[in-house]
Amino acid sequence: MPSLKDLKNRIASVKATQKITKAMKMVAAAKLRRAQEAAEAARPYSQRMSAVLSNIAAAVGSDDSAPRLMTGNGQNQTHLLVVCTAERGLCGGFNSQIARFARDHVRKLLAEGKTVKIVCVGKKGFDILRREFASLIIDRVDLREVKKIGFENADQIGKKIISLFEKNEFDVCTLFYSEFKSVISQVPTALQLIPAAVPAGAEQTDAAAAIYEYEPDAGEILNDLIPRNISVQVFRALLENVAGEMGAKMSAMDNATRNAGDMINKLTLSYNRQRQAQITKELIEIISGAEAL
């Protein structure tokens with residue numbers, strides 16, 4: 001049984017930890033508001049970009065002028081997975097959910113006889129995936145020094161993906177991230193970047209609404225639009241991840257603070273009981289000694 005001094009030291013240690021988790025919860029709550037606003041602001045632009053892309057793609061159809069980024073290279077053998085996670089932990093199961101989702105997809109592709117390559121954006125995803133798929137990871141993007149995610153960060157990743165595609169390093173590229181729903185809900189999501197995934201619903205809506213004439217031709221517009229769309233989708237994924245990370249961290253730190261409070265109560269109760277037992281024992285010894293006289 002631990003001594004009174006050990007219990008007292010442990011109570012002090014847990015109280016210090018509780019102060020840290022409470023402070024981290026408050027910091028995450030302050031960052032969450034800005035991150036959520038940024039993620040929600042990026043969604044309309046990203047969705048409209050996809051709608052415009054689908055409209056132009058419908059006009060081009062199977063024309064030879066369509067860029068390879070939209071139509072692909074006609075093969076489906078080599079898959080590139082861009083897995084976006086957080087750079088830091090202490091955010092519950094946020095990172096593990098994305099990594100598990102990507103890991104299941106990798107296993108499925110390998111079972112089908114496909115070749116898989118992985119690009120990790122974020123330290124935590126890299127640490128999880130390298131345990132099983134270290135040989136498949138071809139690159140890692142480190143954003144630990146970036147205090148605020150900007151479009152230039154996503155554009156660098158987008159250009160890297162396009163460069164690999166132009167070198168025939170892969171046939172299909174899929175982006176993995178976590179879509180922010182609420183503080184307690186972040187949904188792992190997979191989005192195909194190359195060949196460009198054309199939403200059927202958006203295509204029908206825009207095509208039915210009006211007939212457009214393009215100047216220059218639709219093929220040239222797509223050559224400029226699709227690379228930008230890839231960077232936009234990566235940027236949205238990074239913003240969604242930041243919001244999801246802060247939401248998960250706030251929930252995790254809140255649970256940690258509550259658990260620390262419960263532990264302090266239990267340790268205090270044990271301390272008081274042991275202290276009372278020690279006092280009672282000393283009183284019995286004093287009374288017994290007095291009666292012996």
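The values are calculated or read from the model by the stated rules, or taken from the named source; none is laboratory data. In this text the structure is predicted, and so the values were computed from the model without any measurement. Note: ideal-geometry Cβ built from the backbone for every residue, glycine included; neighbour counts use all protein chains shown. The area values use the complete protein model at the heavy-atom level, side chains included, leaving out ligands, DNA and RNA. Shrake-Rupley method; radii C 1.70, N 1.55, O 1.52, S 1.80 Å.
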Surface share of carbon and sulfur [accessible, 1.4 angstrom probe, percent] for the chain: 52 percent
Charge dipole of the chain about the Cα centre (unit charges at C-beta), most positive-ward option of Asn259, Gln75, Leu191: Asn259
Dipole of the chain [Lys/Arg +1, Asp/Glu -1 at C-beta], most positive-end residue of Met246, Phe151, Tyr45: Met246
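Suppose all protein chains stay in the model; what accessible area per residue would a 1.4 Å probe give for the chain, in Å²?
Details: 16400 Å² over 293 residues.
Heavy-atom SASA per residue in the chain reads 56 Å².
Which whole-number value in Å³ per residue fits the convex hull of the alpha carbons of the chain?
Values: hull volume 47.5 nm³, N = 293.
Enclosed volume per residue, from the Cα hull, is 162 Å³.
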Distant-in-sequence amide H partners of Val183 (H built 1.01 Å from N, under 5 Å): none
Asp104 versus Arg43: modelled label distance in nm, points set 7 Å from Cα along the beta carbon direction: 2.3 nm
Phi to ³J(HN,Hα) by Karplus 6.51 cos²θ - 1.76 cosθ + 1.60 over segment 155-161, Hz, x for Gly, Pro: 5, 4, 5, x, 5, 5, 5
